[in-house]
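Nothing in this text is a laboratory measurement; each read-out follows from the coordinates by a stated rule. Fair warning: this is a prediction, and the values are worked out from it, not measured in the lab. Ideal geometry is used to build each Cβ from the backbone, glycine not excepted, and the neighbour counts take in all protein chains shown.
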Amino acid sequence: MQSQAEARVGHQTETWDASLVPDDRGRTNRPSPGCPVEVALDAISGRWTTLVIRELMHGPLSFSELRSRLPSLSAKVLSDRLHGLTARGLTSCVRATGFPARTTYQLTERGFALRPLLITLYAVGSELLGD
């Protein structure tokens, strides 16, 4: 005969909140590169990344235009962030021929998909700050 404690522990089943974990990709017990939440967090990771994305939400910008909009951001970090965003397919880099050569960065469709995430993060951050 099983005790009540053994009955509670003996046949545990995993239950998932369907709105937090709508499919098998998120049903993991450790970070996974195929988990949509991990992919989204990786897309915006790194200092300055969200600000670079925010500026590009307004339209294509050159490297120097981004530097002038984010004057505290070093050229090296900006270059690293743009390279990472481009490698993830979130931005595209267009080089115009001519002199001087002009390089423009713009968000791709995948990059624009981050807009609702950034809006929600801002709202949640404001709530956590007590605003």
| query | Fewest to most neighbouring Cβ within 10 Å: what's the order for Thr49, Thr15? | reply | Thr15, Thr49
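Within a 10 angstrom radius of the beta carbon, how do Ile44, Ile119, Ile53 rank from fewest other beta carbons to most?
Values: Ile44 16, Ile119 10, Ile53 22.
Fewest-to-most ranking of Ile44, Ile119, Ile53: Ile119, Ile44, Ile53.
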| task | Could you point to the label whose value was computed as Kirkwood radius over Cα pairs in Å for the structure here, given (i) 14.6; (ii) 17.8; (iii) 15.6? | result | (ii)
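At a Förster distance of 22 Å, what's the computed FRET efficiency of Thr120 paired with Arg95, Cβ-Cβ distance as r, to 0.05?
Using R0 = 22 Å, I get an efficiency of 0.05.
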| In nm, spacing of pseudo-spin labels at Phe112 and Thr86 (7 Å Cα→C-beta vector) | 2.1
| Can you tell which of Leu129, Pro33, Leu66 lies farthest toward the positive end of the dipole of the range 32-129, using +1 and -1 charges on the Cβ of basic and acidic side chains (Lys, Arg; Asp, Glu)? | Leu66
| Over the chain, relative contact order from alpha-carbon pairs under 8 Å, at least 6 apart, % | 19
| request: Note down the nm distance, to one decimal, between modelled labels 7 Å out along Cα→Cβ at Val37 and at Val77. | output: 2.8
| query | Looking at the range 9-78, which trypsin sites (Lys or Arg not before Pro) are DSSP coil and have at most 16 other C-beta atoms within 10 Å of their C-beta? | reply | Arg27, Arg47
| Given charges at beta-carbon only (K, R positive; D, E negative), |dipole| of the range 32-129 in Debye | 340
